[in-house]
Amino acid sequence: MARYTLRQLEIFIAVAEHGSMSAAADALLVSQSAVAGAVNALEHAFGAQLTIRRKAHGVALTAAGRYVLDRAKGLLNAASDLELHAADAGAELRGSLTLGCYRTLAPTVLAALIDDYSRLYPFVELDFFVGPQSEVQSGLASGTLDLAIAYDLSLPNGLVSQRLFDAVPAIVIAADHPLAAHPALGLADVADEPMILLDVNPSRENTMMMFSSAGIEPNIRFRTLDYEVTRSLVGRGMGYAILIQQPASNQSYEGRPLAVRPIEPTVRNVPVSIIWPAAIRPSRSVGAMMTLAAQLYGKPAKG
């Protein structure tokens, strides 16, 4: 039988998140002695020092503390899920879920997921976050996001993924550009053309890797941080871009026509996956989103 309680884990998580015993006590509306006692009890139960208590500088976690923190969050999530659903097993799915999505993927995959999930599970409190890949990964690691849709490239330790589909990079140029007459284009065909680089990772990393693998140096004219700004510059004939996600309309925001051409010889496709923290067992509401994402965009979800 476990020699610790869920309340002690909750207090320990608060200490880790707030950075000090006093701040955790204020957040939980308990005394500092109760917080210190809970942490001491956990350290005794685990036989390991979990924190380094620095006078006037708050609390830092040891390696053992970081290990316990990751798994403590999973235990509390599982306990909450059990409490929520034990009384109404087989009834309507309830709970909460915050879904993250990499920002260039969001316009093409997020709306359908949110719409379908909301109709299927109306009693789940659903929210979402759209942002850079780094912030999506940070949200998963910190527990502010339950799972995310993102490019499966260079994932940090502690995150696991299930592939949904492979995204195919394409060359995007103005529809009246002479190269638009070709049904497909190679990287060598655009090597001397000015390039509009979407300068956010992992898009930049993947694009530059394509050229490096082909032994070609792209002629970068402009760098942008925004997908639609990239397409608008291309629409005005100021250069070409390599983009992975393509909207239904081949027009820029200004209504200028664009030509999207496959790359030949083919380059590496980019895996799009659903990603979640390895240390946290997905709740029923999270599992339902994983299953739905697999149904809409990929292979059937693994049990």
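Worth a mention:
- Criterion: surrounded by fewer than 17 Cβ atoms within 10 Å (Cβ to Cβ) and of a type in the set (Gly, Ala, Ser) - qualifying residue of 111, 174, 106: 111
- Residue within segment 247-259 that is closer than 19 Å to residue 108 by Cα and in contact with a His (Cβ under 9 Å, 6 or more places away or on another chain) present: yes
- From the options 208, 195, residue that is of a type outside the set (Lys, Arg), on the phi < 0 side of the Ramachandran plot and without any contact (Cβ under 8 Å) to a residue 12 or more places away in the chain: 208
- Test result for residue 251, among the polar types (S, T, N, Q), under 22 Å from residue 128 (Cα atoms) and either crowded, with 17+ Cβ neighbours inside 10 Å or in contact with a strand residue (DSSP E or B) (Cβ under 7 Å, 6 or more places away or on another chain) (or both): no
- Any chance residue 181 is aliphatic (A, V, I, L, M), over 24 Å from residue 222 (Cβ atoms) and exposed (fewer than 15 other Cβ atoms within 10 Å of the Cβ): yes
- Residue match in segment 108-122 (condition: modelled with pLDDT under 85 and under 21 Å from residue 270 (Cα atoms)): no
Listed here are the residues, each with its yes/no results for (1) in contact with a His (Cβ under 8 Å, 6 or more places away or on another chain); (2) of a type outside the set (A, V, I, L, M, F, W, C); (3) outside the structural domain of residue 251 (by TED's automatic domain parsing).
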residue: 154; (1), (2), (3): no, yes, yes
residue: 158; (1), (2), (3): no, yes, yes
residue: 174; (1), (2), (3): no, no, no
residue: 178; (1), (2), (3): no, yes, no
residue: 185; (1), (2), (3): no, no, no
residue: 192; (1), (2), (3): no, yes, no
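- Within the set 268, 231, 204, 261, the sole residue that is in a strand (DSSP E or B) and more than 30 Å from residue 78 (Cβ to Cβ) turns out to be 261.
- Listed by position, the strands (runs of 3 or more DSSP E) contained in segment 1-107 that have at least 1 residues being at pLDDT below 90 and over 26 Å from residue 287 (Cβ atoms) are 51-54, 58-61.
- A single entry from 234, 286 fulfils the requirement of being under 30 Å from residue 13 (Cα atoms), crowded, with 17+ Cβ neighbours inside 10 Å and out of contact with any helix residue (DSSP H, G or I) (no Cβ under 8 Å at 6 or more places or on another chain): 286.
- Considering segment 136-171, the residues that are surrounded by fewer than 15 Cβ atoms within 10 Å (Cβ to Cβ) and on the phi > 0 side of the Ramachandran plot include one that is modelled with the highest pLDDT, namely 158.
- In this structure, residue 159 does not satisfy being farther than 30 Å from residue 263 by Cα, of a type in the set (A, V, I, L, M, F, W, C) and touching a Ser or Thr at 6+ places or on another chain (Cβ under 8 Å).
- Matching entry among 211, 222 (being farther than 25 Å from residue 152 by Cβ, of a type in the set (Phe, Trp, Tyr) and not assigned by TED's automatic domain parsing to the domain that holds residue 76): 222
- Counted residues, segment 53-78 - those being aliphatic (A, V, I, L, M) and either touching a Lys or Arg at 6+ places or on another chain (Cβ under 7 Å) or not assigned by TED's automatic domain parsing to the domain that holds residue 25 (or both): 3
- Near pairs, Cβ below 6 angstrom, 6+ apart or cross-chain, from segment 235-248 (on the phi > 0 side of the Ramachandran plot) to any residue that is of a type in the set (D, E, K, R) and not in a loop (DSSP other than H, G, I, E, B): 239/221
- Scanning segment 227-237 for residues that are modelled with pLDDT under 95 and within 28 Å of the chain's Cα centre (by Cα) turns up at least one hit.
The values are calculated or read from the model by the stated rules, or taken from the named source; none is laboratory data. Owing to the predicted nature of the structure, the values given are computational and were not obtained by experimental measurement. Every residue, glycine among them, receives a Cβ derived from its backbone with ideal geometry; neighbour counts consider all protein chains shown.
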